[in-house]
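Since the structure comes first, as structure tokens, the remarks are kept for the end.
The values are calculated or read from the model by the stated rules, or taken from the named source; none is laboratory data. Everything quoted here is computed from the prediction, not taken from an experiment. Quick reminder, even Gly has a Cβ in these numbers, built from the backbone with ideal geometry, and neighbours come from all protein chains shown.
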Amino acid sequence: MASKNSGADATTLYTSLLDQDRIHSPGNPAENQAPRNVVRRRRPDVRPHPINLMSLVGIKNLFFRKTVTPLMVRQKASCDYGSNMSNSGETVDSDVESQSSTAQKASQKGFRVDARVISDATIGLSDGLTVPFALTAGLSALGNTKVVIYGGFAELIAGAISMGLGGYLGAKSEAASYKATRDETEDLIDTNLPQVMADIAEVFEPYKLPKTTIDDLTGHLAESPRLVDFVMQFQHCAEEPAASRAVTSAVTIALAYFLGGLLPLLPYFCVGRNQVYEGLYISIGVMVVALFVFGYVKTCVVVGWNGGQKIRAGCFGGIQMVIVGSAAAAAAMGLVRAFNHDEGDSMP
């Protein structure tokens, strides 16, 4: 038994030695590759080396595969945000523009010139551009520049005062007429209210309103404390003038007359004492331009500025003013020449 056990042990020892020799032997490559293949199969189970992460596949997986969808979402979100911002920006811009336009309209409405002021300025300028020009042209026939200047200034001052006083008295008369009409209306309301209601109903007859509507309106107005204002505005077509209307009218007409009449007089300050005709020629040129511009502007303010027909109307108005001013100047100069010729004075 001892011999058999020793033989088995020797056989087992020999087999193990052969196996070790087979594993570590470099002579057989096929047998040496098997353990290496086993080791290579186990490498994927181990955490990859950081160098492998730098490969093209790793970079692709890191930056493209996982971020394609988020990038699209972010881009869409940014587009939506940009569109929302643009829409909100457009809304804000539109609001700002509307507010600025409203403020501009309000400012324009606040600085709007009264129509009566424009009317007074037109009256003053039309007379100031015509009468002093005719006077200076007539005085130039005397051949003395000082006579033209002194006579022109005297006429300017007297004419401005006269025109301003006329505007003041006219405005005062208008205010007195309004007060008299209002007093008469108040007396009529106190004494004969049905007649006033009948007159109000006649005002609305051209509009074909139902009788019930007119009756309700007249009944409401009969109890209103502003019945007098309604009758004055809608029946008599009269508005209460401002307290400063007379002063404003006087100053506007006088100033417009003086400034308009000063234009034909200015050229005589630039020539010598005996060069009156040179001053006359310059004055004629200045006044032709001034009269045409005034007539053009005066007409276009009424008919409008845009369009060929309106431009032609403005030019026609300017030509009319030039003709009227020239005719007045020619008549004045001809009369002075005629009177001076009768006295036997020598004329150049």
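Filter segment 261-276 for residues that are among the aliphatic types (A, V, I, L, M), within 16 Å of VAL147 (Cα to Cα) and within 39 Å of the chain's Cα centre (by Cα) and give the result.
LEU262, LEU265, LEU266
Here's the yes/no breakdown for (1) exposed (fewer than 13 other Cβ atoms within 10 Å of the Cβ); (2) more than 19 Å from SER249 (Cβ to Cβ); (3) in contact (Cβ under 8 Å) with a residue 12 or more places away in the chain:
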| position | (1), (2), (3) |
| --- | --- |
| THR145 | no, yes, yes |
| GLY151 | no, yes, yes |
| GLY164 | no, no, yes |
| LYS179 | yes, no, no |
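Scan segment 263-317 residue by residue and report those that are more than 30 Å from PHE153 (Cα to Cα) and not aliphatic (A, V, I, L, M). Talk me through it step by step, then tell me what you get.
Applying the first criterion (more than 30 Å from PHE153 (Cα to Cα)) to segment 263-317 yields 300-316.
Listed by number, the residues that qualify are CYS300, GLY304, TRP305, ASN306, GLY307, GLY308, GLN309, LYS310, ARG312, GLY314, CYS315, PHE316.
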Item to check | Subset of segment 226-246 (residues that are exposed (fewer than 15 other Cβ atoms within 10 Å of the Cβ) and farther than 30 Å from GLU202 by Cα) | outcome: ALA243, SER244
Checklist entry - Given the residues LEU255, LEU227, which is the only one that is farther than 25 Å from VAL117 by Cβ and not small (Gly, Ala, Ser)? => result LEU227
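Do the conditions hold for LEU188, that is, is it surrounded by 14 or more Cβ atoms within 10 Å (Cβ to Cβ) and either modelled with pLDDT under 85 or closer than 26 Å to GLU174 by Cβ (or both)?
Judged against the criteria, LEU188 is a match.
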Item to check | Residue that is surrounded by the most Cβ atoms within 10 Å (Cβ to Cβ) [pool: residues in segment 271-289 that are touching a Gly at 6+ places or on another chain (Cβ under 7 Å) and in a helix (DSSP H, G or I)] | outcome: MET287
Item to check | Residues satisfying the stated conditions in segment 216-260, i.e. among the hydrophobic types (A, V, I, L, M, F, W, C), under 31 Å from the mean Cα position of the chain (by Cα) and either modelled with pLDDT under 90 or in a loop (DSSP other than H, G, I, E, B) (or both) | outcome: ALA242
